[in-house]
1. Which peptide among 90-102, 7-19 comes first, and what is the full order, when sorted by highest mean count of other Cβ atoms within 10 Å?
2. Helix-derived [θ] at 222 nm for the chain: sum -39500 (n - 2.57) over DSSP H runs of at least 4, divide by residue count, nearest 500?
3. Using modelled amide H (1.01 Å from N, peptide plane; none on Pro or chain starts), what sits under 5 Å from the amide H of Ala147, excluding residues fewer than 5 places away?
4. Packing-wise, with mean Cβ within 10 Å as the measure, how do 218-229, 133-144, 194-205, 247-258 rank, highest first?
5. What's the carbon and sulfur percent of segment 1-78's accessible surface, probe 1.4 angstrom, rounded to a whole number?
6. Modelling each spin label as a point 7 Å along the Cα-to-Cβ direction, I'd like the Lys101/Leu19 distance in nm, to one decimal.
7. To the nearest 20 debye, what is the magnitude of the charge dipole of the chain about its Cα centre, counting +1 on the Cβ of each Lys and Arg and -1 on the Cβ of each Asp and Glu?
8. Any chance you could give the angle, 0 to 90 degrees and rounded to 10, that helix 120-129 forms with the longest Cα principal axis of the chain?
Amino acid sequence: MVLSRRTATYMLLVACLVLFLSPFGWLAVTALKAPAELRALPIHWWPHQPDLANFQDALTAFDYLGYARNSLTISVTYSVLVTFASAWAGFGFARLEAPGKRLIFGVLMSTMMLPAVITLIPTYLMFAKLNLLNTYMPWVLWGLCGAPYLIFLFRQFFVNMPKELEEAAIVDGCGTIRIFARIFLPQSWPVIATSLILSFAWTWGDYIAPALLLDDDHTTLAVKLATGYVNAHGEPLSNLVAAGAVMYVLPVLALFLIMQRGFVAGVATSGLK
């Protein structure tokens, strides 16, 4: 009976894995097809002659690596800044006492319910008046402000740490900043990994903010992928779009594979089981 349950569980997990990976698999297959096969009926589920030249063409159709560098610059800058800003804010909400702390935390969490689309026009007008359009400073400022969801993760992690660690550090003469930097932050690696993965993926895959705030020279790969692969008639080259998209998701997959243990531990230890 135990074996049959285990077998059923594995079969269910394999079925879910196939279901979740099927869109990426179809994307990869499309990236190997010639243009004629994309229009063929009946559908060619596998290309008769896989064409790896699509990946080379995707790299050379425009400055792919240059736009990837723009995306990487924004994503790394934002993810590092927002992680440490959120960690500091989460530490404050978890371990420090101040009047109205619960109210402020509640207001902060309530901002997660605001649809991002309603802030687009005010955001654009604010950065335009500050002369920050076509620069990467908006992502620096967003990172320094922290993110409500990440603050919640760090707060949940820090609030469960033993009080004795903090008391021992105070006896040894440590102030609040040293307690955070030398005791709490090194212990929070699982949540740091979670925050880095999530914030990097958010920024790497963001289309709206770069399209709104950056011109064509400074924009990101996400924006350029949507408009860069067209023929002389303005029609999209689907095989090149697919090839470019396959390469586009590789950095996020690599980051997740490198930090997956920390990501799982961070979710498990932050009150989100």
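The values are calculated or read from the model by the stated rules, or taken from the named source; none is laboratory data. Source: prediction; values computed, not measured. Counting neighbours? That spans all protein chains shown, and the Cβs are built from the backbone with ideal geometry, glycine included. Just the protein is used for accessible areas: all its heavy atoms, side chains included, with ligands, DNA and RNA removed. Shrake-Rupley method; radii C 1.70, N 1.55, O 1.52, S 1.80 Å.
1. 90-102, 7-19
2. Values: 14 runs with 187 residues, N = 273.
Calculated at 222 nm, the ellipticity per residue is -22000 deg cm²/dmol.
3. Excluding prolines and chain starts, which carry no amide H, the hits are Ser86.
4. In decreasing order of mean packing, 218-229, 133-144, 194-205, 247-258 become 194-205, 218-229, 133-144, 247-258.
5. Working: 4090 of 5670 Å².
Heavy-atom surface of segment 1-78 belonging to carbon and sulfur, 1.4 Å probe: 72 percent.
6. 4.3 nm
7. Using Cβ point charges on Lys, Arg, Asp and Glu, the chain gives about 900 debye.
8. Helix 120-129 sits roughly 80 degrees off the main axis of the chain.
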